[in-house]
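Have a look at the structure below, then the notes.
Any read-out appearing in this document is the output of simple, stated calculations on the displayed coordinates, not a laboratory observation. These numbers were taken from a predicted model, which means no experiment stands behind them. Heads up, the Cβs are rebuilt from the backbone with ideal geometry, glycines too, and the neighbour counts pull from every protein chain shown.
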Amino acid sequence: MTNQLQSGSEDDVPSEFIQRDIFVESVPSQAGRDHRLYVPKQAGWEAAIKQTWEQEYCYSKNPGEDWFHLLANGELYIQRGTEKFCLTCALRLKVLSRDRLFWQKGSRGPADDESA
């Protein structure tokens with residue numbers, strides 16, 4: 001048992017945390033990058049996590065493809081009514097934006113109003 005306790009500072013720290021910290025330090029270029037996404041026209045949109053293995057498809061096709069692609073279990077997606085979009089398609093269709101200052105670009109009006 002005494003052979004397992006070698007260093008005084010890491011005795012109380014579980015090994016999974018030590019391994020995680022080693023990984024974080026080995027990828028410094030990712031630390032400062034902003035991965036946030038924004039929904040400029042928020043009306044009716046919700047973010048969700050697919051939590052089943054039931055086959056559900058993105059509402060959009062990838063360019064050059066004739067089929068709708070699957071949403072995977074655990075995947076983040078956005079939804080409005082029955083429309084579900086993977087984040088890649090939502091970015092391509094400009095439903096989502098990486099531009100943090102989207103609100104300064106001027107008012108473009110609300111999202112498509114389904115009551116019309």
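By how many nm would the segment from Asp66 to Thr88 grow when fully extended, if each residue of separation counts as 0.36 nm and the alpha-carbon distance is taken off?
Fully extending the segment from Asp66 to Thr88 adds 6.2 nm.
Can you give the net charge of the other residues whose Cβ lies under 11 Å from the Cβ of Glu56, counting K and R as +1 and D and E as -1?
So the surrounding residues net to 0.
Rounded to whole Hz and in sequence order, give me ³J(HN,Hα) for region 89-105 from the Karplus expression 6.51 cos²θ - 1.76 cosθ + 1.60, θ = phi - 60°, writing x for Gly and Pro.
5, 4, 5, 4, 7, 6, 6, 10, 9, 8, 7, 5, 9, 4, 5, 7, 7
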